[in-house]
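K.L.:
The structure is given below, and queries will be raised subsequently.
The values are calculated or read from the model by the stated rules, or taken from the named source; none is laboratory data. If you're wondering where the values come from, they're calculated on a predicted model, not measured in any experiment. Cβ sites come from the backbone with ideal geometry, for glycine too, and all protein chains shown count toward neighbours.
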Amino acid sequence: MDFEGFLKDVLTPMVDHPEALKIEVKGEGRKRAVWIHAEPGDRGRIIGKSGRMIQSLRTLCRAAGDKAGISVDLELFEEERGEERA
């Protein structure tokens, strides 16, 4: 599954700085960690109202991963602190 391509296709029209959008996929075997890197001003759009957008993205990625037989964990990376959010 091309998580990077899928997320870029979904998120690029939503963000103000698509050039800064970076999707990082780590892991081998049956586990994948997918990190979304975005400008600070775009993170709120990715998280969405009450966290609905990021939850929907997680659900879609997990469903695609289940179909491919892999476990997927999707997180939004916060560069200033070097940690995940949402």
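K.L.:
Given the criteria under 9 Å from the mean Cα position of the chain (by Cα) and of a type outside the set (A, V, I, L, M), does Glu39 qualify? Don't jump to the end; show me each part of the working.
P.N.:
Working: under 9 Å from the mean Cα position of the chain (by Cα): no; of a type outside the set (A, V, I, L, M): yes.
Here the answer is no, as Glu39 does not meet what is asked.
K.L.:
Given the options Glu24, Glu28, name the one that is outside any helix (DSSP H, G or I), of a type outside the set (Gly, Ala, Ser) and under 9 Å from the mean Cα position of the chain (by Cα).
P.N.:
Glu24
K.L.:
Continuing with the same structure: Every residue in segment 42-72 that is under 16 Å from Lys22 (Cα atoms) and either β-branched (Val, Ile, Thr) or surrounded by fewer than 18 Cβ atoms within 10 Å (Cβ to Cβ) (or both), please.
P.N.:
Gly44, Arg45, Ile46, Ile47, Ile54
K.L.:
If I go through segment 73-86 residue by residue, how many of them are farther than 13 Å from Ile23 by Cβ and modelled with pLDDT of 95 or more?
P.N.:
The number of residues fulfilling the criteria is 1.
K.L.:
For segment 14-41: of the residues being acidic (Asp, Glu) and under 16 Å from Met1 (Cβ atoms), which is surrounded by the fewest Cβ atoms within 10 Å (Cβ to Cβ)?
P.N.:
For segment 14-41, the residue satisfying everything is Glu28.
K.L.:
Quick check: is even one residue across segment 50-61 at pLDDT 95 or above and part of a loop (DSSP other than H, G, I, E, B)?
P.N.:
No, because not a single residue in segment 50-61 is at pLDDT 95 or above and part of a loop (DSSP other than H, G, I, E, B).
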